[in-house]
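Any read-out appearing in this document is the output of simple, stated calculations on the displayed coordinates, not a laboratory observation. No experiment lies behind these values; they were computed from the predicted model shown. Cβ: placed from backbone, ideal geometry, glycine included. Neighbour counts: every protein chain shown.
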Amino acid sequence: MRAYELHGVNDLRREDIEKPEIPSGWVLVQVKASGICSSDIPRVFTNGTYHFPTIPGHEFSGVVAAYGEGVPEERVGKRVGIFPLIPCRTCPQCRQKKYEMCEHYDYLGSRRDGGFAEYCAVPVSQVYKVADSLSFEQAANVSFREAAMLEPLSVALHAVKRSGVKPGDTAAVIGTGMIGFAAAAWAKALGAEIVFVIGRGEAKRAIAEQIPGISYVTEEESKAIQADVVVEAVGTPQAVSSAVLLARPGGSIVLMGNPSGDLAMEKNVYWRILRKQLNLMGTWNSSYEKDEACDWTEALDALSKKKIPAQALITHCFPSEKLMDGLELMKNHKEPYCKVMVSWE
């Protein structure tokens, strides 16, 4: 198969390699679409993965092509999305089915081979059947590209639900990456009356205008906002400070952005958290249970009913042989982007 193997920091190679073996209880997924996550940029160019070589990519969808021992044959040919976090299922969090907080998890695309390849081996427990969860008409509404967005959409949903947003609220999202825009769309879908997305300048305004019900404002314009809930989707000290300023007294802040380094907090920011009696919380990944209601079932339902404008969030799609172009676009911010997708079809 053709795959992109990371042999070292900033050493991603497009190569022909053997298809992965399929252990008992696993399936082989033929990848149809892969999303490039913002976390893939440092993973490929500066930080590396947990071992080399590794095939990156944790946002992907496809079709079950083969199966290992213990997996029913009828799974072959099913359209699937992939929950990339592989829980240990033995730690205290796993025993409560809070797999996103597993203490000893494995992960496709960073700790083991992921979806920047024609095929990927996946535990059957992490394969989320798209068509079987919907009517035929609904399933037809979900493309492989949209199914590859189930993971980031579920992450954004998890964060917004953590905020406690309710009908009539004013919500603000700091950050104009795909997760930030998705969080804003979810806040609106969950009933927020007014939803702001706050960006550093004008570059992402055109993307925001494609998402119904949200308003785009710059950092300067945001100073007058008082929000019931704030989702911080950047991961910098400045973004955290802005979140504290934006939140109304008694409001809630969800920290979602992945930090690129240490974060320091000014004393005045800390004082505002105290004096406003803010609810400050973190969020990580998404809830997932294969056959029960979870963030993934909500995300798939929203995709099938077009409650979330997934197509508007996909700004670029490259053929698989041009994956490096997508990575370089995001790394160097060559032009405004939201979700950059790679097609293996």
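Within the listed set T54, T170, T236, the Gaussian network model of the chain (springs between alpha-carbon atoms below 10 Å) gives the highest mean-square fluctuation for T236. Computed over neighbours whose Cβ is under 10 Å from that of V254, the net charge equals +1, Lys and Arg +1, Asp and Glu -1.
Dividing the summed helix terms, -39500 (n - 2.57) for each DSSP H run of n ≥ 4, by the number of residues in the chain produces a 222 nm estimate of -6500 deg cm²/dmol to the nearest 500. Per-residue extension of 0.36 nm, minus the Cα-Cα distance of K267 and Y107, leaves a gain of 53.9 nm for this segment. The magnitude of the dipole of the range 48-201, with charges of +1 and -1 set on the Cβ of Lys/Arg and Asp/Glu and taken from the Cα centre, is near 440 debye. Relative to the Cα centre, the charge distribution of the range 140-261, modelled as +1 at Lys and Arg Cβ and -1 at Asp and Glu Cβ, gives a dipole magnitude of about 180 debye.
Counting Lys and Arg as +1 and Asp and Glu as -1 over every other residue whose Cβ lies under 10 Å from the Cβ of P92, the net charge comes to +1. For the chain, the residue among Y119, A239, A183 whose Cα projects farthest onto the positive side of the dipole built from Cβ charges is A239. Around the Cα centre of the chain, unit charges on the Cβ atoms of Lys, Arg, Asp and Glu (plus for the first two, minus for the last two) sum to a dipole of about 900 debye.
Size descriptors for the range 291-339 (Cα atoms only): Rg and Dmax, in that order, 14.7, 41 Å. Pairs spanning more than 28 Å between alpha-carbon atoms, out of K166/K267; K32/K161; K32/K334: K166/K267; K32/K161. For the chain, the residue among V230, M256, I308 whose Cα projects farthest onto the positive side of the dipole built from Cβ charges is V230.
For the range 216-259 and the range 13-39, what is the separation of their Cα centres, given in Å? Between the Cα centre of the range 216-259 and that of the range 13-39, the gap is 37 Å. For M281 and Q226, a Förster radius of 25 Å and the Cβ-Cβ distance give a FRET efficiency of 0.85, rounded to the nearest 0.05. Between G326, I55, I214, whose Cα lies farthest towards the positive end of the dipole of the chain when Lys and Arg beta carbons carry +1 and Asp and Glu beta carbons carry -1, centred on the Cα centre? Value: I214.
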